[in-house]
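Input: a single structure, listed below in structure tokens.
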Amino acid sequence: MFDDTGPRLFGLPPGADFASELVAGLRARLGDAPPEALARVEIYVNSDRMARRLREVFDKGPASLLPRIRLVTDLADPLTKAALPAPVPPLRRRLELTGLVSKLLDQAPDLAPRAALFDLADSLATLMEEMQGEGVAPEVIETLDVSDQSGHWQRALTFLRIVQQYFEADSAPDPQAYARRALDLRLRQWQDSPPQHPILVAGSTGSRGTTAAFMEAVARLPQGAVILPGFDSDTPDHVWDRLDTALTGEDHPQFRFARLMQALDMAPGDVRPWTETPPPSPVRNRVLSLALRPAPVTHQWLSEGPSLPPLDAAMQDVTLLEAPSQRDEALAIALRLRQAVADGQRAAVITPDRMLTRRVTSALDRWNILPDDSGGTPAQLTPPGRLLRHVAELFVKPLTAEMLLTLLKHPLVHSGADRGPHLLNTRELELFIRRKGMPYPQPEPLALWGEKRSQGDWAAWVGARFCGQERPGKRPLADWIADLLTLAGAICAGPDSKGTGGLWQEAAGRKLQGVMAGLEREAEHGAEMNARDFADLLGALMSREEVRDRDAPHPDILIWGTLEARVMDAELIILAGLNEGAWPELPGADPWLNRQMRAKAGLLLPERRIGLSAHDFQQATGAPEVWLSRSLKSDEAETVPSRWVNRLLNLIRGLEAQGGKETIAAMQARGNRWLALARASEAPIEATPVPRPSPAPPPGTRPAKLSVTEIKRLVRDPYAIYAKHVLRLRPLDPLMQAPDALMRGILTHKVLEDFVKATQEEPLDLRPDRLMALAEQIIGDPDQVPFPTVRALWQARMARIAPWFVETEVDRQGRATPSQYEIKGERQIPALGFTLSATADRIDIDGRGGAHIYDYKTGAAPSPKEQRAFDKQLLLEAAMLDEGGFPPLDPPHVERAVFISLQPSNPKEVLAPLEDAPPEQVWQEFVALISAYHAAETGFTARRALQKDSDAGDYDHLARYGEWDVTDAPVKEVLT
């Protein structure tokens with residue numbers, strides 16, 4: 001195929017359809033050769049997507065035999081495989097390192113927190129693979145000249161010495177070491193007997209040591225050649241000459257090509273075009289080449305910029321989208337992709353920002369467009385992945401109500417059969433837990449609930465499969481895996497089915513089944529671990545896997561990572577998320593070696609990834625139509641444009657003679673048009689806001705019974721009474737009752753009631769220590785308060801008010817004798833058919849028969865003025881008691897009504913204003929209030945007189961609060 005002698009380097013310009021041009025150039029060079037000549041060709045490409053794309057191009061015809069298409073990471077031919085030991089699977093090596101790191105942390109816990117166990121093991125494995133790929137021995141790291149012999153470096157060396165054993169000659173090779181050995185064997189074979197058939201390396205930049213060495217060897221073969229993607233032929237020689245050292249040029253897009261040419265002793269002029277097809281926009285490529293020159297570039301822009309042709313022609317197919325937010329950016333991109341679908345145009349979004357691609361995918365869903373995402377969905381976020389992680393958590397900690405219902409509602413649980421009744425039972429169980437409370441479900445209460453609902457078998461299955469699954473101590477990894485798969489399968493099958501239900505079905509299930517099978521095979525190499533470590537290991541393994549459904553997505557709407565930019569088979573390329581820190585991504589923190597140490601050791605530098613991203617940017621920006629997209633804000637913070645966008649715009653802006661400013665304005669105008677369309681697509685339909693409601697239901701439907709604690713709500717927010725008692729709506733109870741003021745109040749009432757009763761039997765018990773003993777017994781009960789921290793806080797709160805309460809209790813018992821506790825009472829308004837009910841915390845009777853009403857408040861008590869106008873609880877209880885509303889009590893008069901405020905910072909007694917509001921007057925006013933709300937013309941106004949505008953009500957959303965405010969006049973609506 002080649003008549004000249006090597007080495008041979010060819011290039012394809014930025015923007016070229018790499019696969020199509022590669023095949024076209026190959027066919028042209030073979031010419032009239034017999035059909036089997038093409039079958040003798042070996043082509044090594046950089047990615048699976050490139051390999052698939054090459055096969056697609058060959059399949060389009062003309063009909064021919066196919067060349068052998070392989071990956072540059074697969075360098076072992078059959079003879080090499082026979083001569084080398086099989087490589088160790090990456091999972092096995094990571095499990096081994098996890099065990100070694102775990103032992104090291106057990107011996108020296110101060111080296112690192114145990115929570116970092118798997119991250120450390122994975123980081124060590126990655127470093128070891130890099131050392132093997134770049135041919136760096138552990139001795140090189142050990143002998144680095146580090147002037148700062150700090151404790152950090154000594155700790156790092158402690159970890160690094162763990163991997164030394166894997167570099168020994170008799171050690172089984174890792175995949176990178178295997179590839180390096182395979183390359184060495186192949187190169188020795190080629191020295192003795194170089195292959196005479198064509199071998200091509202296409203689409204790789206040679207950024208890895210093994211790949212670069214392979215490319216050098218192929219370029220020197222009798223029929224070997226390397227085809228470089230995105231080769232910039234517009235870069236002058238004096239710029240190429242500066243791309244010689246890693247510390248100054250590695251972040252340049254053409255740096256790897258310069259290093260390859262240097263290794264082959266070639267000049268840029270020796271790199272020949274693979275085909276004569278011009279790039280989509282040669283002028284634009286010249287502009288990009290100048291913009292991306294290595295620093296300093298300003299003087300080059302001044303000297304070479306004026307020689308550029310008019311910029312409007314170069315940038316006529318480039319759109320600059322500068323969106324106010326990431327959401328606006330995603331929506332504008334989605335609209336452009338929708339237009340591409342309508343026009344039959346093949347479009348690709350290229351970005352390393354996975355959150356942005358998820359936003360775009362979500363926006364496209366409204367038009368039922370599912371893009372072909374090369375990244376897929378992380379396995380741990382798929383239904384089977386989530387289920388396995390939830391089941392692993394059952395081993396770690398006791399089952400909570402939230403965890404139970406999360407599992408019961410999972411789409412794969414009970415998927416073996418009869419899922420409908422299972423969902424119905426789950427709903428009823430959830431309502432029961434919300435009403436009655438079951439923070440930590442146990443088999444016995446579940447069984448009782450199941451018997452009452454005639455669902456004993458289902459409840460027994462729930463208790464057996466979900467409760468009591470926590471596993472203490474360390475166990476072998478194989479045991480954890482077996483228990484996980486057994487339990488997960490049983491949960492998915494259901495009580496009356498065998499098998500595993502839908503756990504391993506669909507693409508995600510098959511992918512996770514393969515992951516678990518691989519973990520089972522390598523389990524013997526894992527160390528013993530506890531439940532928490534196993535759950536973390538499982539999550540880490542699944543996070544590395546991606547699930548893709550190649551049949552479902554739209555074939556012409558693509559989402560790529562930056563590596564796929566080299567395929568370049570789309571007419572429209574959208575480079576999205578072009579902000580500094582996202583593209584290029586910031587280098588991750590290296591826990592082992594800094595930049596200078598990496599350079600001395602011969603390892604990859606952080607700038608390598610920046611340089612690769614720069615090359616991908618230059619390659620993609622040469623497409624027929626290009627979008628440069630970024631958001632001006634991210635999470636309410638201003639963003640900085642990507643350095644390449646910044647350079648490009650600065651160059652164009654400075655070339656006023658070539659219409660630079662007008663060119664940028666045109667690029668922005670094209671982007672602003674799509675932003676305007678995005679805003680228009682989300683413009684809300686104008687609707688008249690609802691008025692402030694004041695519904696007036698028929699008299700027969702109005703509440704016929706209220707408690708004294710609800711009268712305050714009737715005065716302040718009548719609409720809440722209407723919603724609760726007329727519409728019969730109730731706020732949904734929390735799944736797990738929070739340790740809130742209600743729970744604290746209930747327990748505090750219980751403590752004080754039992755304490756006062758005890759002092760009646762034994763007056764000497766009227767002491768703070770006896771009160772605290774009761775508090776410890778009641779509040780400290782885990783069954784009552786299943787929150788250790790809250791138990792301690794509430795007991796400390798009680799300890800602060802105990803001395804004051806005992807001191808004032810002496811005075812209270814000196815005035816009257818406690819008679820009734822938590823006594824229920826009622827008083828009716830016969831003319832209205834209305835009943836007022838109450839439960840008094842405590843009523844004492846003095847020597848003259850007078851009643852003393854007490855109400856405990858764990859918060860602030862209402863002032864006398866507030867009681868007179870709004871909070872009439874004690875005043876109404878006094879009015880009820882005055883008329884015998886609390887049988888068997890029938891005191892001649894009410895002496896006092898007192899709120900006992902138990903705020904730790906300011907405990908005090910607040911008396912009800914009985915002198916200003918005697919019981920008879922209070923009752924008359926109350927009858928007038930109820931009479932008004934039983935009249936057909938009276939509406940239940942929303943938020944009539946709340947204490948503060950910031951107060952929230954349970955029914956504010958139903959009243960559409962926010963469309964109106966408290967300054968609006970209520971609009972009465974007569975209901976029938």
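None of the figures in this text is laboratory data; all of them are computed from the coordinates on show. If you're wondering where the values come from, they're calculated on a predicted model, not measured in any experiment. In this analysis, Cβ positions are derived from the backbone assuming ideal geometry, glycine residues included, and neighbour counts consider all displayed protein chains.
Using modelled amide H (1.01 Å from N, peptide plane; none on Pro or chain starts), what sits under 5 Å from the amide H of residue 943, excluding residues fewer than 5 places away?
Here the answer is 719, 720, since their amide H atoms fall under 5 Å of that of residue 943.
Divide the volume of the convex hull of the Cα atoms of the chain by its number of residues and quote the answer in cubic angstrom per residue.
On the way: hull volume 242.3 nm³, N = 976.
So the per-residue hull volume is 248 Å³.
For residue 510 paired with residue 544, estimate the spin-label separation in nm (one decimal), with each label point 7 Å from Cα along the Cα-to-Cβ line.
Each label point lies 7 Å from its Cα, and together they span 2.3 nm.
Can you compute 3J(HN,Hα) from phi for each residue in the range 163-170, using the Karplus curve 6.51 cos²θ - 1.76 cosθ + 1.60 with θ = phi - 60°, rounded to whole Hz and x for Gly and Pro?
8, 4, 4, 7, 9, 5, 4, 8
Nearest 5 is fine: what % of DSSP beta bridges in the chain come out antiparallel, could you say?
Once the DSSP bridges in the chain are tallied, antiparallel ones form about 35 percent.
So who's got an amide H within less than 5 Å of the one on residue 574, skipping anything under 5 residues away but keeping other chains? H placed 1.01 Å off N, in plane.
348, 349, 350, 627
Measuring from label point to label point, each 7 Å out along Cα→Cβ, what is the residue 482 to residue 142 span in nm?
4.1
May I ask for the angle, rounded to the nearest 10°, between helix 151-160 and the longest principal axis of the chain, with both axes built from Cα atoms and the value confined to 0 to 90°?
70
Each residue of the range 776-782 in turn: what ³J(HN,Hα) in whole Hz from Karplus with 6.51, -1.76, 1.60 and θ = phi - 60°, glycine and Pro shown as x?
Residue by residue, the range 776-782 yields 5, 5, 8, 6, x, 7, x Hz.
So for the pair residue 916, residue 263, with labels modelled 7 Å out along Cα→Cβ, what separation do we get in nm?
9.2
Work out the FRET efficiency for residue 760 and residue 115 from their Cβ-Cβ distance, taking R0 = 45 Å, and round it to the nearest 0.05.
0.25
How large is the Kirkwood hydrodynamic radius of the range 843-976, counting all unique pairs of alpha carbons, in Å?
Computed over the range 843-976, the radius equals 17.4 Å.
Which of the residue pairs 750/857; 705/872; 452/724; 865/908; 724/972 have a Cα-Cα distance greater than 21 Å in the structure shown?
Beyond 21 Å between Cα atoms: 452/724.
Suppose the chain between residue 810 and residue 839 were pulled fully straight at 0.36 nm per residue; how much longer would it get relative to their current alpha carbon spacing?
In short, 8.0 nm is gained.
Let me check I've understood the local charge: for residue 29, count other residues with C-beta under 15 angstrom from its C-beta, Lys and Arg +1, Asp and Glu -1. What total comes out?
That sum, taken over residues with Cβ under 15 Å, equals -2.
Over the range 504-643, what is the percentage of antiparallel beta bridges among all DSSP beta bridges, to the nearest 5?
Beta bridges within the range 504-643, antiparallel portion: roughly 45 percent.
Quick one: 3J(HN,Hα) in Hz for the range 74-81, Karplus 6.51/-1.76/1.60 with θ = phi - 60°, rounded, Gly and Pro as x.
Along the range 74-81, the couplings run 10, 9, 9, 7, x, 5, 5, 4 Hz.
Length gain on complete extension for the stretch residue 966 to residue 83, per 0.36 nm per residue less the alpha carbon to alpha carbon distance? Each step should come with its number before you reach the end.
Numbers: separation 883, 0.36 × 883 = 317.88 nm, distance 8.46 nm.
Full extension from residue 966 to residue 83 adds 309.4 nm.
Under 12 Å from the Cβ of residue 171, count the other residues' Cβ atoms, weight Lys and Arg +1, Asp and Glu -1, and hand me the total.
Local charge sum for residue 171: -2.
What FRET efficiency would be calculated for the residue pair residue 650, residue 552, taking the C-beta separation as r and a Förster radius of 51 Å, to the nearest 0.05?
So the FRET efficiency works out to roughly 0.75.
So what is Rg over Rh here for the range 379-547, counting just Cα atoms and using Kirkwood for Rh?
Looking at the range 379-547, the ratio lands at 0.98.
Mind checking which lysines have their C-alpha under 26 Å from residue 397, skipping anything on the same chain fewer than 8 residues away?
Within reach: 103, 409, 436, 474.
Take the alpha-carbon centre of the range 603-636, take the same for the range 232-299, and report the distance between them in whole Å.
Going from one Cα centre to the other spans 17 Å.
Residue 954 to residue 777: extension gain in nm, 0.36 nm per residue of separation minus the Cα-Cα distance?
60.3 nm
At R0 = 56 Å, how high is the FRET efficiency between residue 524 and residue 657 if r is their beta carbon distance? Nearest 0.05 is fine.
Values: r = 72 Å, r/R0 = 1.29.
About 0.20, to the nearest 0.05.
How much net charge surrounds residue 885 when only the other residues with a Cβ under 12 Å from the Cβ of residue 885 are counted, with Lys and Arg +1 and Asp and Glu -1? Spell out each step's value before the answer.
On the way: positive: 824, 827; negative: 826, 877, 882, 883, 890.
After counting each charged neighbour, the total is -3.
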